[in-house]
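The block underneath contains the structure these notes are about, expressed in structure tokens.
FYI, it's all coordinate maths here, none of it is from the lab. In this text, all values refer to a predicted model and were calculated from it rather than measured experimentally. Cβ coordinates were reconstructed from backbone atoms using ideal geometry, including for glycine residues, and neighbour counts include every protein chain displayed.
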Amino acid sequence: MSISVSMPSKIATLTTDFGLKDPYTAEMKAAILSICPTTTIVDITHEIAKFNTRIGAYMLASAAPYFPEGSVHVAVIDPGVGTRRRPILIQTTQAFFIGPDNGVLVLAAEKQGITRIHELSNPQFMLPKVSNTFHGRDVFAPAAAHLLNGVKPEEFGSKISEAVKPEFAKVTLRNGVLVGEVLHVDGFGNIITNITEKEAAQSHVKGAVSVELLGNKLKMRFCKAYGEAGSKEPLALIGSQGFLEIAVNQGNAATKFRAKPGDKIKLLL
């Protein structure tokens, strides 16, 4: 049985790779406001690298926890628009996520605890004419607005058992080795992995940790803050977004270890 999410405010967030040069973002906002004029729309970002679902998933997972309960998060990084990929709505214990079923929603939704998933297939809750190339405006934005107006998730379409889970959202534990991958490298050169604080705690990551990255075996301290390590000393810690990071205090870990998004990382427990 799913947990009911109360909706004290009408907040919709947008995460896209559209940029701000073209009218696409404004068209999505117009679709939302035409259906639910009282919506407060918050732009998480529209500067995701084109078609990069990995970084879109990371940005959404980083920002979503700080919005009020019942917020509706729309993410459109959608290279498969118009194909057989499903448009979906995910309900969690805290919020709703709407977008293509290509993995962009899963990282954020799983952090909150998924309660149900529905396909967006009911034309009643889409714009009258649905383009094959712009589901952000014609399918996802209207769904968010109707949801904020009180339409129940099951009215949008049939329930589905699970969403697509891409490799960048998968963490495995085998024979004492926690295997994840690099999600993002931030502006400080910190290597942000897909291993969550919960997964690290369940695997008893603490004290000194052994890390394997790009074939290099490294031993470093598991710290609570960057400053606990000496200058230029490598360390591991849980960053502000709740993911395990490999960092170098006052240095650039990505440059030092030549790491990039998509690289596998192993923690030897």
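List of remarks:
- Lys165 being within 19 Å of the chain's Cα centre (by Cα), of a type in the set (Lys, Arg), in a helix (DSSP H, G or I) and within 28 Å of Glu245 (Cα to Cα): no
- Residues of region 204-221 classified as assigned to a loop (DSSP other than H, G, I, E, B) and more than 12 Å from Leu244 (Cα to Cα), total: 4
- Sub-6 Å Cβ pairs linking a first residue in region 60-75 that is assigned to a helix (DSSP H, G or I) to a second residue that is surrounded by fewer than 22 Cβ atoms within 10 Å (Cβ to Cβ), at least 6 apart or interchain, are Ala61/Lys111; Ser62/Gln241; Ala63/Ile44, ordered by first then second residue.
- If only residues of region 56-87 that are touching a His at 6+ places or on another chain (Cβ under 7 Å) and closer than 16 Å to Glu110 by Cα are counted, the one that is surrounded by the most Cβ atoms within 10 Å (Cβ to Cβ) is Leu60.
- Residue in region 223-269 that is farthest from the chain's Cα centre (by Cα), counting only those that are more than 13 Å from Leu213 (Cα to Cα), part of a loop (DSSP other than H, G, I, E, B) and of a type in the set (A, V, I, L, M): Ala229
- When every residue of region 229-247 is checked against the conditions, at least one turns out to be in contact (Cβ under 8 Å) with a residue 60 or more places away in the chain, buried (at least 16 other Cβ atoms within 10 Å of the Cβ) and more than 27 Å from Asn175 (Cβ to Cβ).
- Residue among Leu173, Leu183 that is touching a strand residue (DSSP E or B) at 6+ places or on another chain (Cβ under 6 Å) and not in a loop (DSSP other than H, G, I, E, B): Leu183
- Summed over region 43-55, the residues that are surrounded by 19 or more Cβ atoms within 10 Å (Cβ to Cβ) and either more than 14 Å from the chain's Cα centre (by Cα) or part of a helix (DSSP H, G or I) (or both) give a count of 3.
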